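> If you scroll down you'll find the structure; I have some questions about it.
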């Protein structure tokens with residue numbers, strides 16, 4: 001199973017938070033699952049940090065780079081797919097993650113109930 005981490009999932013994973021359910025932790029840590037983070041997630045995190053809505057350690061980038069996570073760039077195909085999605089969710093970052101999962105055949109690890117309305121495979125975070 002190939003996974004894409006939603007923003008809250010990534011932050012919980014990095015923080016070893018008890019908010020992240022055990023099945024998600026196991027799926028992320030299994031060596032046979034490819035685990036991706038989207039450029040959109042990094043974009044969302046740095047915007048929230050700049051606005052003072054998210055407190056991150058100064059070494060956040062280095063911490064992230066030490067993780068065995070693959071980086072998923074945003075492509076034109078992903079952007080066009082966003083335009084095909086129904087407006088169940090207004091958050092542009094989440095809509096982009098849904099589009100990336102649809103195009104790339106990934107399972108989105110999230111706790112966001114609105115995302116489950118889309119035609120996308122999810123794993124409860």
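Here, each number is a calculation from the coordinates, and none is a lab measurement. Keep in mind that this is a model prediction, so the values were computed, not measured. For neighbour counting, all protein chains shown are included, and Cβ atoms are generated from backbone atoms with ideal geometry for every residue, glycine included.
> Under 10 Å, Cα contacts only: if you run a Gaussian network model on the chain, which one of 104, 114, 44 comes out with the highest mean-square fluctuation?
Largest GNM mean-square fluctuation: 114.
> With the alpha-carbon atoms as the only input, what is the per residue convex hull volume for region 34-81 in Å³?
Details: hull volume 4.3 nm³, N = 48.
Taking the convex hull of the Cα positions in region 34-81, it is 89 Å³ per residue.
> Next question, about the same structure. Rank by packing, highest mean first: peptides 118-124, 53-59, 9-15, with packing defined as the count of other Cβ atoms within 10 Å averaged across residues.
On the way: 118-124: 16.6, 53-59: 10.1, 9-15: 20.6.
Ranked by mean Cβ neighbours within 10 Å, highest first: 9-15, 118-124, 53-59.
> If you don't mind, another one. Under 1.5 on a/c is rounded, so check that first for region 69-122, then, if it is not, pick prolate when a/b is larger than b/c and oblate when it is not; a ≥ b ≥ c are the square roots of the alpha carbon gyration tensor eigenvalues.
Numbers: a/c = 1.67, a/b = 1.13, b/c = 1.48.
Oblate.
> Which FRET efficiency value, to the nearest 0.05, do you get for residue 23 and residue 71 by plugging their Cβ-Cβ distance into 1/(1 + (r/R0)^6) with R0 = 30 Å? Mind dumping the intermediate values first?
Working: r = 24 Å, r/R0 = 0.80.
After rounding, the FRET efficiency stands at 0.80.
> For region 55-92 and region 1-52, compute the distance between their C-alpha centroids and round to whole Å.
10 Å
> Students often get this wrong, so try it: which of (i) 94; (ii) 105; (iii) 131 is volume of the Cα convex hull per residue in Å³ as calculated from the structure shown?
Checking each listed value against the structure points to (ii).
> Anyone know which of 50, 77, 24 comes out most mobile in the 10 Å Cα GNM of the chain?
In this elastic network of the chain, the residue with the biggest mean-square fluctuation among 50, 77, 24 is 50.
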